[in-house]
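Since every read-out is calculated from the coordinates, none of them should be taken as a lab result. The model shown is predicted, which means the values in this text are computed figures rather than measured ones. For neighbour counting, all protein chains shown are included, and Cβ atoms are generated from backbone atoms with ideal geometry for every residue, glycine included.
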Number of protein chains: 4
Amino acid sequence: MEAWRTAIVDARDGEIRIRGNDVTSLMTERTFTDTVFLLHRARLPADQERAMLDAILSAVADHGSGAPSCAAARLAISGNRASVSAAVAAGILTIGDEHGGAGSGCMEMIAAGVERARRESLTFEECASRIVGEHRAIGKRVAGFGHRVHTDDPRTPVLFDLAARNGLAGDGIRLIKAMHAAVSAQVKPMTINVDGSMAAVLYDMGFQPVFARLLFIIGRVAGLTAEVMEELDRERPMRIRVPVVYDGEGGSTPSESE
Amino acid sequence: MEAWRTAIVDARDGEIRIRGNDVTSLMTERTFTDTVFLLHRARLPADQERAMLDAILSAVADHGSGAPSCAAARLAISGNRASVSAAVAAGILTIGDEHGGAGSGCMEMIAAGVERARRESLTFEECASRIVGEHRAIGKRVAGFGHRVHTDDPRTPVLFDLAARNGLAGDGIRLIKAMHAAVSAQVKPMTINVDGSMAAVLYDMGFQPVFARLLFIIGRVAGLTAEVMEELDRERPMRIRVPVVYDGEGGSTPSESE
Amino acid sequence: MEAWRTAIVDARDGEIRIRGNDVTSLMTERTFTDTVFLLHRARLPADQERAMLDAILSAVADHGSGAPSCAAARLAISGNRASVSAAVAAGILTIGDEHGGAGSGCMEMIAAGVERARRESLTFEECASRIVGEHRAIGKRVAGFGHRVHTDDPRTPVLFDLAARNGLAGDGIRLIKAMHAAVSAQVKPMTINVDGSMAAVLYDMGFQPVFARLLFIIGRVAGLTAEVMEELDRERPMRIRVPVVYDGEGGSTPSESE
Amino acid sequence: MEAWRTAIVDARDGEIRIRGNDVTSLMTERTFTDTVFLLHRARLPADQERAMLDAILSAVADHGSGAPSCAAARLAISGNRASVSAAVAAGILTIGDEHGGAGSGCMEMIAAGVERARRESLTFEECASRIVGEHRAIGKRVAGFGHRVHTDDPRTPVLFDLAARNGLAGDGIRLIKAMHAAVSAQVKPMTINVDGSMAAVLYDMGFQPVFARLLFIIGRVAGLTAEVMEELDRERPMRIRVPVVYDGEGGSTPSESE
């Protein structure tokens, strides 16, 4: 088998280097968030950059046991008590465009919008208005807006304030704020949700779009492990019963699943 | 990299052989259930053996959308609409000792019990009585008995009848029936569930214990794919809301997850 | 929590009905492949339909231990010896557009092509030629053609012959054959692979595109469970070593992973 | 459906509280590692406690692309290019007793050993000697010792030094050091690996055994996301080929998997 190439980790007897940094110095002199940044950017972060990642990771760590990712992890450990790895994985598998993963699509939209404003000499307000109009024309939701629970997502202003204070606010945040106005005018008032605000911040920090979803996963895993531990501590196996109504051939009746 | 060894499949340009059988002859002359048997036993089944596997696979394919495996698959596709692989995998991850996987432990218990009856010159009734007593003494449930929904699991007598008709009933079925009597006498009346009856049948057919869980997975996957397809066809993304009550620091209140 | 609706399974004490069929009659009178068909089509198959599903399921069950799905399952059970559910799930997670999942995209292409031929009054040859030309123009591969191992995929003619013999060959097979000629003329000679031939057959049988990937998963799971069982039987834990070369900061050197 | 109970997160319109702490204050005043601690211990850490978690999380984040978890994630994204969630989950599924998960078993052994020393009035040296002897008698490996790559795991002395400097070293570290001497005397010289050293440290910090595996997962996920991103950036789909030799019925020959 041809050897795999990597520029991430070099390990040999007695030594582990991550992106050229000895792991023992990372352990003693750096935070885990520094290591997260280093792994994905191939350099250590400035203090301001670390502060932003810390804020995003805590923002997405958990949103309640009934969130699809948390609920799936609990269902898995309830039926398969022996494997916490399986339960955490089940939770991660629920993360996609509809849950936790909208940030990547939103970053792509922001990147395309900033480029378009430059190319077509549009103000961000004009550009945002057109993007929203085009979404409406094809009946597509604009990624990064609206939330099942929050009228105003409390995490968004915190991320924008932090970015401003840390000198990291740029075109991404400017554009999504313009889009917020356009969405509110053309569709209805909708909060910039945490997917949208983290997408804008990560764009301004120079990350690739795929990183938004990856960073959500890193943060959420800490919530999933806590949910799994609580389920093991507090609940009996197979305690979960989902109410089901059968409405297929032969009538509509409450049904009992195993 | 050292080459991996396998005795399952040999593939090369224009030819695929499974356990020495050309896949094209399997496709035209055999059923999928034959291929399942062949893959795990390295020979094709007799008609009676195929009939037993067919019965078990249909028996466990699905037990309703609220079963942990089915519910987890639906949660996953609801949040991560793009990946049916991820949803099916999430469903499989819920399968363990508590859900769908008890058959393997039950087969180990049966194998040990049959061996013990022989070694200690016990009747199966005596042996079953001791095993149940020993479980009671350490407060452990006897695998293969009881069901959340069924007072009498309707799949169990069908499997036993089929095994008898096909000439495949042996010590496994004899022992689990003796255990059924012992459980009912010493604990309370409890049905032999499908995990228990399939364990007895698979033991009598000469399978390894791990195969009980693997066969459950093969059968259940067909249910999971159907559940995923129905969720995609009939429901909107992120429709699932699990009711949650927060009872931690600061009081007990209904909570809303994302 | 609002009850979930389903038309697949109705279960209650002593009774399990799949699409209105009592599971005990499926167990005794039908094959597992019938149950697979029933779960996804809400009716039992004709003999010809069952024969096609059996052929497809055996065709995709396994293609060697080094296939990504099989290799991932083996890696998982090698590191996480206790959970066969986790290993099978890891195998399924490798299935996507590039591995095992091309059939769904191919079915969508076939459905659109058949509809376009009708709408634009094109022969299938004309339609196929345009579709291939359009793929070339944007540098996109045509789904369903070419194979890493097979110059001529041996499973494809078998599926087409079976479909003809069973009276199930229709526009799907006609169109993909026309595409085969167009690909060979415009690009290079390439086999219709099993993803392409199963897509054509499933289209002619009236299935939805998503079913192609789901059916691949059902078939492949039987191979994954056999691969997992062989790894457990024949190999020691953590035996797998992937050779790695580090080519990042600080030079290019062979590296040793844990 | 009966509401689920949780003491982790309380979310409602405009507010998210984790263990009673407003998420916005965690975002601005705390690190992600604080949030990890908070989620699992229901209180914020002291500086010394945070430093230990940071060190452990960086220690286990990645150990090279060929580690089973990293290799499985790469295999998955190579075949299923569209789903980073699926790839990260595949990586997690390889984590078990043999890979990454030994810390939990090691913590249980430490907890039992400390208790036993107290109960039987043994010195830690005597207790360690007996434990190692008992493992040898039943041919069982002692969890937490030995490493495929490292003669001396470079992470272990760093963790022990940090624990000492932070005033968190206790019976766990004392016992595992005694066991190290016993293993070296009775079996052969073997390093305390990172699973063993983190187990000792986490025991001394008052964590439950299951947390060792959960914490490994949290740290490793950051490596998995980086491995997945590099595979997407640098490699073509389906590039991975595992060499396979077929040694089943009909002879021993190199085989080609799909």
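Report, as a whole number in µm² per second, the diffusion coefficient that Stokes-Einstein gives for the range A:145-258 at 25 °C and 0.890 mPa s using the Kirkwood radius over alpha carbon pairs. Present the calculation step by step, with values, prior to reporting the outcome.
Numbers: Rh = 17.7 Å.
D = 139 µm²/s.
Determine ³J(HN,Hα), in whole Hz, for all residues of the range B:174-188 in sequence, where each value follows from phi through the Karplus function 6.51 cos²θ - 1.76 cosθ + 1.60 and θ = phi - 60°; x replaces Gly and Pro.
Residue by residue, the range B:174-188 yields 4, 5, 5, 5, 5, 5, 4, 4, 5, 4, 5, 6, 8, 10, 6 Hz.
Just the Cα atoms of chain B, one point each, no solvent: what log10 I(q)/I(0) does Debye give at q = 0.11 Å⁻¹?
Values returned for q = 0.11 Å⁻¹ are -0.75.
Taking a threshold of 31 Å on the Cα-Cα distance, which of the pairs A:LYS140/C:LYS177; B:LYS188/D:LYS140; C:LYS140/C:LYS177 fall above it?
Values: A:LYS140/C:LYS177 36 Å; B:LYS188/D:LYS140 39 Å; C:LYS140/C:LYS177 19 Å.
Cα-Cα > 31 Å for A:LYS140/C:LYS177; B:LYS188/D:LYS140; rest within.
Please list, in chain and number order, the residues 5+ apart from C:ASP152 or on another chain whose amide H is under 5 Å from its amide H, with Hs placed from the backbone.
B:GLY14
In square nanometres, what is the average projected area of the Cα convex hull of the range D:191-258?
Quarter of the Cα hull surface area: 8.7 nm².
Could you work out [θ]222 nm for chain A from helices alone, using -39500 (n - 2.57) per DSSP H run of at least four and dividing by all its residues? Round to the nearest 500 deg cm²/dmol. List each step's numbers first, then the result.
Numbers: 11 runs with 148 residues, N = 258.
Calculated mean residue ellipticity at 222 nm is -18500 deg cm²/dmol.
Most exposed first by the Cβ proxy, i.e. fewest other Cβ within 10 Å, how do C:LYS188, A:LYS177 rank? Display every interim value, and only then the final one.
Numbers: C:LYS188 9, A:LYS177 18.
Taking fewest neighbouring Cβ atoms as first place, the list is C:LYS188, A:LYS177.
Pop out the ³J(HN,Hα) list for the range A:68-83 in order, Karplus 6.51 cos²θ - 1.76 cosθ + 1.60 with θ = phi - 60°, rounded to Hz; leave Gly and Pro as x.
With coefficients 6.51, -1.76 and 1.60, one gets x, 5, 5, 5, 5, 4, 5, 4, 5, 6, 5, x, 10, 4, 7, 10 Hz.
Please report the antiparallel percentage of the DSSP beta bridges confined to the protein assembly as shown, to the nearest 5. Walk me through the intermediate numbers first.
Values: 40 of 56 bridges.
Rounded to the nearest five, the antiparallel share is 70 percent.
Taking N as the number of residues in the range A:24-168, what value does Rg over Cα atoms divided by 2.2 N^0.38 Å take? Don't skip to the answer; put the middle values down first.
Working: Rg = 19.0 Å, N = 145, 2.2 N^0.38 = 14.6 Å.
Relative to the 2.2 N^0.38 Å estimate, the range A:24-168 comes out at 1.30.
Could you line up B:CYS106, A:CYS70, D:CYS127 from fewest to most neighbouring Cβ atoms inside 10 Å? Could you put the intermediate results ahead of the total?
Working: B:CYS106 29, A:CYS70 32, D:CYS127 24.
Taking fewest neighbouring Cβ atoms as first place, the list is D:CYS127, B:CYS106, A:CYS70.
Show log10 I(q)/I(0) for the range D:47-92 at q = 0.18, 0.19 Å⁻¹, two decimals, from a solvent-free Debye sum over equal Cα scatterers.
-0.59, -0.63
How far, in nm to one decimal, is D:GLY206 from itself in the other copies if the label point is set 7 angstrom along Cα toward Cβ? Shortest first, please.
4.2, 5.9, 6.6
Under 5 Å between amide H atoms, partner at least 5 residues away or on a different chain: which partners does B:GLY96 have, H built in plane at 1.01 Å?
Under 5 Å from the amide H of B:GLY96 lie the amide H atoms of B:GLY101, each far enough along the sequence or on another chain.
What nm value, rounded to one decimal, do you get for the distance between A:ALA112 and C:LYS140 when each label is placed 7 Å out toward the C-beta?
1.4
What's the long-distance tail for the range B:1-62, i.e. % of Cα pairs beyond 15 Å? Walk me through the numbers before you get to the answer.
Working: 1057 of 1891 pairs.
I get 56 percent for the Cα pairs in the range B:1-62 exceeding 15 Å.
How large is the dipole of the range C:56-168 about the Cα centre if only Lys and Arg carry +1 and Asp and Glu carry -1, each at its Cβ, rounded to the nearest 20 debye? Working shown, then result.
Numbers: 12 positive and 12 negative charges, 49 e Å.
Charge dipole, the range C:56-168, about its Cα centre: 240 debye, nearest 20.
What list of ³J(HN,Hα) values in whole Hz, one per residue of the range C:29-39 in order, does the Karplus curve 6.51 cos²θ - 1.76 cosθ + 1.60 (θ = phi - 60°) give from phi, with Gly and Pro shown as x?
10, 10, 8, 4, 4, 4, 5, 4, 4, 4, 4
What is the mean number of Cβ atoms from other protein chains located within 10 Å of the Cβ atom of each residue in peptide B:213-219, rounded to a whole number?
Across B:213-219, the average partner-chain Cβ count within 10 Å equals 6.
Arranged by the count of other C-beta atoms within 10 angstrom, fewest first, what order do C:ASP47, D:ASP161 take?
Numbers: C:ASP47 8, D:ASP161 15.
Fewest-to-most Cβ neighbours within 10 Å comes out as C:ASP47, D:ASP161.
Could you give the size of the charge dipole of chain A about its Cα centre, using +1 on the Cβ of each K and R and -1 on the Cβ of each D and E, expressed in debye and rounded to the nearest 20?
On the way: 29 positive and 34 negative charges, 79 e Å.
So the dipole magnitude of chain A works out to roughly 380 debye.
Using Cα pairs closer than 8 Å and at least 6 residues apart in sequence, work out the relative contact order for chain C, in percent.
On the way: 334 pairs, mean separation 61.6, N = 258.
Relative contact order of chain C: 24 percent.
Give, rounded to the nearest 20 debye, the magnitude of the charge dipole that the range B:85-138 has about its Cα centre when Lys and Arg contribute +1 at Cβ and Asp and Glu contribute -1 at Cβ. If you can, show how the numbers build up before the last one.
Numbers: 5 positive and 8 negative charges, 16 e Å.
For this selection, approximately 80 debye.
How big is the range C:68-107 by the Kirkwood estimate over distinct Cα pairs, in Å?
Values: mean 1/r = 0.0956 Å⁻¹.
Evaluated over the range C:68-107, this radius sits at 10.5 Å.
Can you list residues from other chains, or at least 5 along the same chain, whose modelled amide H is less than 5 Å from the amide H of B:ARG5?
Here the answer is D:VAL245, since their amide H atoms fall under 5 Å of that of B:ARG5.
Can you tell which of D:ARG155, D:ARG136, D:ARG220 shows the greatest fluctuation in a Gaussian network model of chain D with Cα springs below 10 Å?
D:ARG136
Rounded if a/c is under 1.5, else prolate if a/b beats b/c, else oblate: with a ≥ b ≥ c from the C-alpha gyration tensor eigenvalues square-rooted, which is the range B:168-230?
Cα axes put the range B:168-230 in the oblate bin.
Tell me, for the rotation carrying A onto B, which chain A residue has the beta-carbon closest to the axis and what that distance is in whole Å.
A:MET1, 2
So if R0 is 51 Å, what FRET efficiency would A:SER25 and B:SER252 give, r being the distance between their Cβ atoms, rounded to the nearest 0.05?
Values: r = 46 Å, r/R0 = 0.91.
Calculated value: 0.65.
For a distance above 23 Å, tell me the whole-number percent of Cα pairs in the range C:1-106 that qualify. Intermediate results must be reported in sequence, preceding the final value.
On the way: 2866 of 5565 pairs.
Of all Cα-Cα distances in the range C:1-106, 52 percent exceed 23 Å.
For the protein assembly as shown, how big is Rg over Rh, using alpha carbon atoms and the Kirkwood form of Rh?
Numbers: Rg = 28.4 Å, Rh = 29.6 Å.
My calculation of the ratio gives 0.96.
Could you tell me which of C:CYS127, C:SER104, C:GLY223 has its Cα farthest along the dipole of chain C towards the positive end, charges placed at Cβ (Lys, Arg +1; Asp, Glu -1), taken about the Cα centre?
Highest projection toward the positive end goes to C:CYS127.
What residue among A:ILE56, A:VAL84, A:ALA137 has its Cα farthest toward the positive end of the dipole of the range A:1-159, where the charges are +1 on Lys, Arg and -1 on Asp, Glu, each on the Cβ?
A:ALA137
Take peptide B:50-57, look around each residue's Cβ out to 10 angstrom, count Cβ atoms belonging to other protein chains, and average those counts.
For peptide B:50-57, the averaged partner shielding equals 5.
Nearest 0.05, what FRET efficiency do C:ASP233 and D:ARG239 give at R0 = 22 Å with Cβ-Cβ as r? Don't skip to the answer; put the middle values down first.
On the way: r = 30 Å, r/R0 = 1.35.
Computed FRET efficiency for C:ASP233 and D:ARG239 comes out at 0.15.
Have a look at A:GLY91, A:GLY170, A:GLY219 and tell me which one the Gaussian network model of chain A (Cα, springs below 10 Å) gives the largest fluctuation.
Answer for the Gaussian network model of chain A: A:GLY170.
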